[in-house]
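Worksheet for the structure shown next.
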Amino acid sequence: MTMPRAGMRRSAMVAGTAVAATALLATGLTTSAAGAAPASETGARPAALTASARAEMLRDANATKANVATSLGLGAKEKLVVTDVIKDVDGTTHTRYDRTYDGLPVLGGDLIVHQAKSGDIKSVTKATNATVKVASTTAGVAPSTAAKAALKLAKADHTTGASADQAPRKVIWAATGKPVLAYETVIGGTRKDGTPSKLHVITDAATGKKLYQYQDVKTFTGTGQHNGKVTPGTGTTSGTGTTPGTGTTPGTGTGTGQYNGKVPLGSVKSGSRWLLKDTARGGHQTYNAKHSIDQTKQGSPFYDADNVWGNGKPTTAQTAAVDAHYGAAMTWDYYKNVFGRNGIRGDGKAAYSRVHFGDQFGNAAWNDDCFCMTYGDGAGNKKPLTALDVVGHEMTHGVTSATAKLKYGEAVGLDEATSDIFSTAVEFYAKNAQDPGDYLLGDKIDLNGDGTPARYMDKPSKDGLSYDYWESGMGNVDPHATSGVGNHFFYLLSEGSGAKEIDGVKYDSPTKDGSTVKGIGRAKAEKIWYKALTTYMTSNTDYHAARKATLKAATDLYGADSAEYKGVDAAWAGVNVK
């Protein structure tokens, strides 16, 4: 929900905390590096882990989590839940934990333990430095009171079909201020632009007062920014079938997309037909929603007789599927070949995509519940939101959800910025002649109806909504607007300030204080952001904590006296984060 800038409370700032601790058991697992490293890059770059190697590390982390909790001095009622593990080439591991208190989830209580190859804990990054403790876990208000309040908020946000996905659960709210006993209620439904809704509402269990709310279905653009019909309809189909497709013989098809032109596609032979399923990339499959707005259904599998898909025209249902399927493949390859990441969660398993959602639906979304990406067809059902940067954006939301989470306050804007940053990186990585890399977001899908991009990284405010610079109170503003600060930082870090032309596109990036920023190159900027995201950011990292996280990442990768470190510092100053 977009709110006025004035009169807002700034979200609590979060900083990482170094904690001395006793040694833990080392994993003893060695892996290969994620590609060849530049001469200036250290062993702090991420290692490439197979799904089985990562699973073994997770088992080891689960076996030692009680020792970790003791080493960190957590209270007797606190327990750790392992959620992710990253390993560097030099053997350093970064293990993420959620926390429980007396059996209740602690929201904003996540932490990351940084462990040397020897097994010694080097430091710990915490989402909150507050002591997690409450006087009682007995609620003062009934769960039904929390549910009613959450439903009222959802309806006020124009959510149709709003209903509680489950009974409110008791939690400890620790994302801001002193931890308190609270209820978390999740309300499903459909937002006013047709986007599926999963609204989380946190209410004080003693008073019933709302503490926080956030939307867990991530979208490419803010709801309500672009008008679109979402009534059920019919449309062209390609193939039949209502259940997930099966196939045994991998193949490489070819397709012609509306945005990407002629491209290779992962497919499998299924009987006498070909199924659009990419077994080389975790089994990613693309489905046809056939303009349905039913959020619970995958849709129909795409089949084809000759393994030649689409014709570049939006009137053929396969065309949008080609772009979505290809975009998912390029995003998978980018994360694997640049960072050694084996799929969204690092477990080698793919999400799925569904195209032709709704009627003239002008948005795209990532949903953790279905582990899927959903794409509408845009105005007149002629501009599907399946361009390469949109697909990269949505798939990256899954990566963020599997790592830093970035759920609360300014972190939500950082989540959107992260998706923009890596969707831009994917576009450059793909080197597709029909959609070459640039620092423009959504420049192919024409959401504004006048041919202009949805967002600009060199000067975000050119879209009429986004912030160029950080200011207090941003934690309560539409994250697609506050993402501008992170986008602007990334552009400055990559390319520097001032007017320039890059690959035929003109840019002119200002700084808040009029300073000149010299870019360090996009490739290094990507690596710094990825390391910060996966090893130092937490669920409520704000922009000032993101500055610290990226400076730490730059130190790890290139050294504290490096040009890269100085570039990170200068780029943040340029967007008023100091």
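All of (1) under 19 Å from ALA411 (Cα atoms); (2) open to solvent by 10 Å² or more (accessible area, probe 1.4 Å) hold for THR550 with one exception: (2).
Each row is one residue, and each column tells you yes or no for (1) without any contact (Cβ under 8 Å) to a residue 60 or more places away in the chain; (2) farther than 22 Å from ASN342 by Cβ; (3) of a type in the set (Val, Ile, Thr).
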| residue | (1), (2), (3) |
| --- | --- |
| THR64 | yes, yes, yes |
| THR70 | yes, yes, yes |
| GLY91 | no, no, no |
| GLY108 | no, yes, no |
| LEU111 | no, yes, no |
| ALA130 | yes, yes, no |
| THR138 | yes, yes, yes |
| SER144 | yes, yes, no |
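Remark: pairs (first residue in the range 522-539, over 14 Å from PHE428 (Cα atoms) and open to solvent by 10 Å² or more (accessible area, probe 1.4 Å); second residue of a type in the set (Ser, Thr, Tyr) and not in a loop (DSSP other than H, G, I, E, B); Cβ separation under 6 Å; 6+ apart in sequence or on different chains) = TYR536/THR125.
Within the range 456-477, the set of residues being assigned to a loop (DSSP other than H, G, I, E, B) and not small (Gly, Ala, Ser) comprises MET457, ASP458, LYS459, LEU465, TYR467, ASP468, TYR469, TRP470, GLU471, VAL477. Might you check whether a residue that is more than 30 Å from THR137 (Cα to Cα) and surrounded by 19 or more Cβ atoms within 10 Å (Cβ to Cβ) occurs anywhere in the range 63-84? Among the residues of the range 63-84, not one is more than 30 Å from THR137 (Cα to Cα) and surrounded by 19 or more Cβ atoms within 10 Å (Cβ to Cβ), which makes the answer no.
Within the range 560-578, the residues that satisfy the criterion of being small (Gly, Ala, Ser) and open to solvent by 20 Å² or more (accessible area, probe 1.4 Å) are ALA560, ALA563, ALA570, ALA573.
Only one of (1) over 25 Å from VAL85 (Cβ atoms); (2) open to solvent by 20 Å² or more (accessible area, probe 1.4 Å) fails for TYR507. Which number is that? Of the numbered conditions (1) over 25 Å from VAL85 (Cβ atoms); (2) open to solvent by 20 Å² or more (accessible area, probe 1.4 Å), the odd one out for TYR507 is (2).
What single numbered condition from (1) of a type in the set (Val, Ile, Thr); (2) out of contact with any Ser or Thr (no Cβ under 8 Å at 6 or more places or on another chain); (3) modelled with pLDDT of 75 or more fails to hold for THR50? The failed condition is (2). Give the residues of the range 162-209 that are open to solvent by 70 Å² or more (accessible area, probe 1.4 Å) and under 30 Å from GLY378 (Cα atoms), sorted by residue number. If the condition is that a residue be open to solvent by 70 Å² or more (accessible area, probe 1.4 Å) and under 30 Å from GLY378 (Cα atoms), then ASP165, LYS192 are the ones that fit. Of everything in the range 356-397 that is open to solvent by less than 10 Å² (accessible area, probe 1.4 Å) and among the acidic types (Asp, Glu), the residue that is nearest to the chain's Cα centre (by Cα) is GLU394. Pairs linking a residue in the range 317-340 that is within 16 Å of GLN258 (Cβ to Cβ) to a residue that is open to solvent by 10 Å² or more (accessible area, probe 1.4 Å) and modelled with pLDDT under 95, with Cβ atoms under 8 Å and 6 or more positions apart or on different chains, are ALA317/GLY235; ALA317/THR236; ALA317/THR237; ALA317/SER238; GLN318/SER238; ALA321/SER238.
Suppose we filter LYS297, LYS229 for residues that are among the charged types (D, E, K, R), under 24 Å from GLY398 (Cα atoms) and modelled with pLDDT under 95; which single one remains?
Values: LYS229 fails: under 24 Å from GLY398 (Cα atoms).
Criteria check complete, one pass: LYS297.
Restricting PRO479, PRO510 to residues that are more than 25 Å from the chain's Cα centre (by Cα) and modelled with pLDDT of 95 or more narrows the list to PRO510.
Residues of the range 315-351 that are surrounded by fewer than 24 Cβ atoms within 10 Å (Cβ to Cβ) and either on the phi > 0 side of the Ramachandran plot or among the acidic types (Asp, Glu) (or both): ASP333, GLY340, GLY343, ASP347, GLY348. Residues being among the acidic types (Asp, Glu) and buried (at least 20 other Cβ atoms within 10 Å of the Cβ): count how many of those fall in the range 439-452. Going through the range 439-452 one residue at a time, the tally reaches 1.
When the residues of the range 114-134 are filtered to those that are within 18 Å of SER401 (Cα to Cα) and open to solvent by less than 30 Å² (accessible area, probe 1.4 Å), the one that is farthest from the chain's Cα centre (by Cα) is THR125.
Within the bounds of the range 17-32, is there any residue that is closer than 30 Å to SER472 by Cβ, modelled with pLDDT under 70 and assigned to a loop (DSSP other than H, G, I, E, B)? Within the range 17-32, one or more residues are closer than 30 Å to SER472 by Cβ, modelled with pLDDT under 70 and assigned to a loop (DSSP other than H, G, I, E, B). So, LEU465, is that one surrounded by fewer than 21 Cβ atoms within 10 Å (Cβ to Cβ), in contact (Cβ under 8 Å) with a residue 24 or more places away in the chain, under 22 Å from GLY413 (Cβ atoms) and among the hydrophobic types (A, V, I, L, M, F, W, C) or not? Criteria met by LEU465.
The values are calculated or read from the model by the stated rules, or taken from the named source; none is laboratory data. Keep in mind it's a predicted model, so treat the numbers as computed, not measured. Note that we place each Cβ from the backbone using ideal geometry, even for glycine, and neighbour counts take in every protein chain shown. In case anyone asks, the SASA skips ligands and DNA or RNA and just uses the protein heavy atoms, side chains included. Shrake-Rupley method; radii C 1.70, N 1.55, O 1.52, S 1.80 Å.
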